[in-house]
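Report on one structure; see the data block that follows.
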Amino acid sequence: MIVEFGAFAMILALVLSVAQVGLSAVGRLRRSALLAGAGEGAALAGFGVLTLSFAALIYAFVISDFSVANVAANSHSEKPALYRVSAAWGSHEGSMLLWNIALTGFGAVLAWRGRALPRDLKASALAVQGLIGTVFLAYTALASNPFVRLADPPVEGRSLNPLLQDPALAVHPPFLYAGYVGMSVVFSLAVAALIEGRIDAAWARWVRPWALAAWSFLTVGIALGSYWAYYELGWGGWWFWDPVENASFMPWLVGAALLHSAVVTEKRGALPGWTVFLAIAAFSFSMLGAFLVRSGVLTSVHAFAVDPTRGVLLLAILLVFSGSAFALFAWRAPSLTPGGVFAPISRESALVTNNILLSAATLTVLLGTLFPLIREAVTGEAISVGPPYFNLTFTPLMALLCVVVPFGPLLAWKRGDLSPAVRALLPALVLGVATGLAALWLLTPRKAFASLGLALAVWLIVGALTEAAQRIRLFKAPLAESFRRLRGLPRGAWGATLAHAGLGIFVLGACFETAWKMEAAQTLAPGQSLRLGAWELVLKDVRRLDGPNYEAVTARITALRDGREVCALSPSRRFYPAGGQTTSEVAICSVDVSHLYVVLGERREGPGGKPVWLVRGYWNPLAVLIFAGPAVMALGGLISLTDRRLRLAPGRRREAQT
Amino acid sequence: MRRAGLALLAALASALCLAAAADPAERLPDPAQEARARILFKEVRCMVCQNESIEDSEAELAVDLRRMVRERVAAGDDDAAVRRWLVERYGEFVMLRPSLSAANLVLWLAPLAAVLAGGLALAERLRQGREAAATLTPEEAERLASLVGGRNGHDPALKSSPDDPIA
């Protein structure tokens with residue numbers, strides 16, 4: 001009964017979404033506060049109802065109701081409770097429901113918190129948001145219904161892929177979807193502003209918190225997925241330039257560009273057209289991701305979620321929404337004023353440079369992802385575009401961006417002066433160059449590009465701190481004065497400093513780990529050891545250790561450095577009878593911010609017929625920073641979100657005055 | 001990365017697991033040659049896998065490809081020769097780095113073209129900005145002329161014609 005209730009609630013949410021479109025649109029046209037208010041009510045109610053619907057789906061998974069097709073296909077009664085819950089968003093159908101939750105959720109927040117928005121803009125934006133919700137809810141209800149019952153229910157479910165039974169992955173999709181779909185509000189506000197013909201500094205200020213929130217969620221979501229790949233796939237890789245990863249990375253890049261161009265529009269009234277363009281592009285890339293991942297055009301057939309028929313529907317949704325938004329943009333753009341004038345050396349120029357590089361990087365990722373399709377369609381030849389391509393194109397663009405980043409916040413608006421900025425950044429420059437040279441000199445093997453990467457990382461981190469130090473006049477004013485300024489620093493400034501420093505932290509970890517990681521592999525009998533740089537890994541024994549829904553062998557390995565025991569590791573291999581898969585559970589020992597990463601491989605026949613095990617050890621120096629960097633970036637975004645200046649309602653106040 | 005994609009990665013990994021390239025049973029005796037082979041592995045696609053290099057894959061095909069690349073390296077082929085040999089046998093699909101050919105020109109030039117286009121747009125914007133700053137609106141010109149004219153006694157109309165580009 002609860003499942004039927006869930007299906008009913010989902011349909012009701014669809015109806016409420018339609019009502020939201022109608023009430024908001026008519027409310028806007030007739031300038032009726034009553035109708036527009038009713039539209040807001042529909043948005044709130046739609047979210048509430050859909051939450052109940054989702055709860056019903058989770059319930060079906062928790063009690064393992066295998067009469068529901070989706071539960072039977074993706075769950076198993078012996079699975080731990082957490083993974084029974086997370087299996088609710090592990091399939092095509094369930095994940096679309098989660099997407100819709102995020103969509104209506106953001107719409108509800110817009111209806112509830114958007115008091116600062118002018119009434120007309122808000123009603124238009126809610127109508128657009130409702131339209132997106134209507135289409136995606138209709139897609140879910142008609143083509144991807146997670147509540148379908150089976151006439152002949154099986155006794156046991158087919159289980160979720162064991163690699164996905166993981167705490168990081170349980171929370172990864174909700175974060176990712178909040179990021180993807182958060183961009184829908186940015187999209188709706190952009191389209192509404194184009195309809196209203198009002199794109200100015202105030203509009204940019206209304207858009208920025210949504211873009212910040214979505215971007216921060218996306219940052220966390222991508223980092224969680226990357227961390228999962230790092231420890232679950234068993235060779236310590238954390239980014240593969242896989243089409244699926246690229247699909248999430250493109251909205252992130254556009255979101256980052258949007259955050260910066262929105263600042264220019266907000267503070268200087270310049271680039272309104274470009275900011276609107278990015279606002280539309282960000283959600284278009286989110287929808288492109290939804291299409292790419294589910295349609296199977298880029299990945300081999302995978303029965304889990306790939307479905308070409310439904311892929312075509314998603315492509316149609318993407319084309320209709322993006323197409324009409326961009327058409328509206330093309331129609332309205334000529335009427336937009338270019339805004340404030342600025343000199344070549346100015347904060348505007350620095351931020352535009354940021355946008356050029358981020359856009360070029362997005363284009364590179366897009367082309368790298370889609371080019372095999374294009375080539376095959378045009379010449380009929382299959383080619384591959386893999387990591388070497390991105391290393392040669394994307395990485396130089398980002399390196400260039402890293403050079404520019406610290407200058408941005410130090411240059412004045414309109415007309416900046418380069419020499420004080422260079423003087424201020426001298427410590428960062430000296431430390432960066434010194435780091436690069438030291439790396440080149442001290443680290444073996446000698447790697448020039450990676451050393452340059454370390455130099456850039458230090459330049460970024462110290463550069464970010466320099467900006468903060470300038471703001472509080474550190475060492476230039478008495479310490480008490482600096483402290484007073486420190487407390488008065490706007491949260492937005494803290495956010496930028498943290499985000500830029502986080503980028504530096506990431507670059508530091510990524511370059512160091514990639515260039516100077518060590519590995520060793522050997523077959524070991526109990527008592528034997530493997531040498532890995534300064535480490536000695538001793539295999540003590542291998543035992544059978546079964547879990548709730550798997551059989552496992554676990555090795556006990558002691559890691560010694562310079563003869564001293566530093567950690568005990570227990571990597572294991574698991575066999576899941578439900579799906580017939582074998583997985584490897586790596587063991588990671590954190591030593592400061594570096595990782596000792598040990599994998600238990602297959603059992604082999606040793607000398608004299610005794611069993612030996614293949615053991616691989618990796619020393620991943622500074623690996624923690626790869627994931628700490630994005631965490632700091634996301635934290636920066638969230639702190640910036642709490643800035644008073646964003647919460648105040650400049651537009652409403654301005655309107656009240658006029 | 002969406003769930004579905006993760007499922008794909010997961011399927012990959014469960015099928016292939018573990019970076020197999022380091023397997024001691026496969027290694028070449030000469031460490032310099034082994035190191036070269038390992039760098040080459042990263043450029044070669046395991047064609048039955050999804051977007052995976054033979055460095056990372058334990059699929060049978062990857063094992064075979066690694067053995068063959070190691071054989072070529074041990075036989076004294078340089079990197080370019082090994083790449084050529086692979087492409088001749090398996091087609092361009094096998095290389096994760098697309099070739100610098102006419103058909104791939106767009107792919108390789110697009111990043112640079114995007115930066116250049118952006119740079120030109122910025123330069124144009126700056127030029128327009130300078131012109132806008134240098135050009136006075138008729139009202140501004142009149143006001144300026146009245147101030148200047150009032151002080152110097154010149155005919156303001158001579159200085160403040162809105163048609164005059166340097167005004």
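Structure values in brief
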quantity	calculated
Of all residues in segment A:600-612 being away from every other protein chain (no Cβ under 12 Å) and either part of a strand (DSSP E or B) or within 34 Å of the chain's Cα centre (by Cα) (or both), the one that is surrounded by the most Cβ atoms within 10 Å (Cβ to Cβ)	A:603
Within segment B:78-119, considering residues that are among the charged types (D, E, K, R) and surrounded by fewer than 16 Cβ atoms within 10 Å (Cβ to Cβ), the one nearest to residue B:46 (Cα to Cα)	B:89
Spans of helices (runs of 4 or more DSSP H) in segment A:56-149 with at least 3 residues hydrophobic (A, V, I, L, M, F, W, C), modelled with pLDDT under 90 and touching a strand residue (DSSP E or B) at 6+ places or on another chain (Cβ under 6 Å)	none
Answer residue from segment A:546-575, given it is out of contact with any Ser or Thr (no Cβ under 7 Å at 6 or more places or on another chain) and closer than 14 Å to residue A:159 by Cα and is surrounded by the most Cβ atoms within 10 Å (Cβ to Cβ) among those	A:550
Options A:288, A:259: the member that is in contact with a Leu (Cβ under 8 Å, 6 or more places away or on another chain) and away from chain B (no Cβ under 13 Å)	A:259
Filter result for the condition that a residue is within 26 Å of residue B:90 (Cβ to Cβ), touching a Leu at 6+ places or on another chain (Cβ under 6 Å) and among the aromatic types (Phe, Trp, Tyr), over A:371, A:390	A:371
Criterion: within 14 Å of chain B (Cβ to nearest Cβ), of a type outside the set (D, E, K, R) and farther than 30 Å from residue A:168 by Cβ - qualifying residue of A:220, A:254, A:264	A:264
Among the residues listed as A:38, A:42, A:9, A:19, the single one being under 30 Å from residue A:75 (Cα atoms) and assigned to a helix (DSSP H, G or I)	A:9
Options A:170, A:229, A:214: the member that is touching a helix residue (DSSP H, G or I) at 6+ places or on another chain (Cβ under 7 Å), without any contact (Cβ under 8 Å) to a residue 24 or more places away in the chain and assigned to a helix (DSSP H, G or I)	A:229
Conditions (1) touching a residue at least 12 places away in the same chain (Cβ under 8 Å); (2) out of contact with any helix residue (DSSP H, G or I) (no Cβ under 6 Å at 6 or more places or on another chain); (3) more than 9 Å from every other protein chain (Cβ to nearest Cβ): number failed by residue B:46	(2)
Matching option when the condition is modelled with pLDDT under 95 and part of a helix (DSSP H, G or I), among A:277, A:304, A:321, A:371	A:371
Residue within segment A:336-352 that is of a type in the set (Ser, Thr, Tyr), in a loop (DSSP other than H, G, I, E, B) and more than 7 Å from chain B (Cβ to nearest Cβ) present	yes
Among residues of segment A:382-402, those that are more than 10 Å from chain B (Cβ to nearest Cβ) and out of contact with any helix residue (DSSP H, G or I) (no Cβ under 7 Å at 6 or more places or on another chain), counted	1
Matching entry among A:441, A:413 (being over 22 Å from residue A:633 (Cα atoms), surrounded by 13 or more Cβ atoms within 10 Å (Cβ to Cβ) and either in contact with a Cys (Cβ under 6 Å, 6 or more places away or on another chain) or hydrophobic (A, V, I, L, M, F, W, C) (or both))	A:413
When residues of segment A:317-350 are limited to those that are hydroxyl-bearing (Ser, Thr, Tyr) and within 16 Å of residue B:125 (Cα to Cα), the one surrounded by the fewest Cβ atoms within 10 Å (Cβ to Cβ)	A:337
Complete set of residues in segment A:490-511 that are touching a Leu at 6+ places or on another chain (Cβ under 8 Å) and among the aromatic types (Phe, Trp, Tyr)	A:506
Wholly within segment A:473-574, strands (runs of 3 or more DSSP E) carrying at least 1 residues that are acidic (Asp, Glu) and within 31 Å of the chain's Cα centre (by Cα)	A:518-524
Residue that is nearest to the other protein chains (Cβ to nearest Cβ) [pool: residues in segment A:151-168 that are polar (S, T, N, Q) and at negative phi]	A:161
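The values are calculated or read from the model by the stated rules, or taken from the named source; none is laboratory data. All values reported here derive from a predicted model rather than from experimental measurement. Positions of Cβ are backbone-derived with ideal geometry, glycine not excepted, and every protein chain shown enters the neighbour counts.
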